[in-house]
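Below is one structure, written out as structure tokens; comments come after it.
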Amino acid sequence: MFYSSRAARTDSYYNKYTHQMSPAMLRARQPYFWKNMAMLTVLGGISLSVYIYTYNFLQQDDFEDIPIPPISDEQLAELKKEYEESKKNKQ
């Protein structure tokens, strides 16, 4: 059954005027607090370590193995001119 958030919070575990948790709800949740914090630390640590590992791995790559096609000085000057014109048009 689908309840709206306001209808779900009118039960005995929430104050019907302030919608704050009742002391009974706080007592019911208390045994799980430290277990939840430990799991948050573990999952957050795994996520953070994967992010840091990936960031450090990508910092080591200098992309020397990717060939860059040669470009003449005339083509480079034309590209710079097009870039400057597009930059002026955006302002």
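The values are calculated or read from the model by the stated rules, or taken from the named source; none is laboratory data. Worth saying up front: this structure is predicted, and the values here are computed from it rather than measured. Note: ideal-geometry Cβ built from the backbone for every residue, glycine included; neighbour counts use all protein chains shown.
Among the residues of region 68-91, those identified as of a type in the set (S, T, Y) and surrounded by fewer than 10 Cβ atoms within 10 Å (Cβ to Cβ) are S72, S86.
Say whether the condition of being under 28 Å from the mean Cα position of the chain (by Cα) and modelled with pLDDT of 80 or more is met by at least one residue in region 6-27. Scanning region 6-27 turns up no residue that is under 28 Å from the mean Cα position of the chain (by Cα) and modelled with pLDDT of 80 or more.
Annotation note: Cβ proximity below 7 Å between a residue of region 12-37 that is surrounded by 10 or more Cβ atoms within 10 Å (Cβ to Cβ) and a residue that is of a type in the set (G, A, S) (sequence gap 6+ or interchain) occurs for Y13/S22; Y13/A24; Y14/S22; N15/S22; S22/S12.
Could you please let me know if K81 is at pLDDT 90 or above and of a type in the set (D, E, K, R)? So K81 passes the test. Residue count for region 29-82, restricted to those that are in a loop (DSSP other than H, G, I, E, B) and of a type outside the set (A, V, I, L, M, F, W, C): 8.
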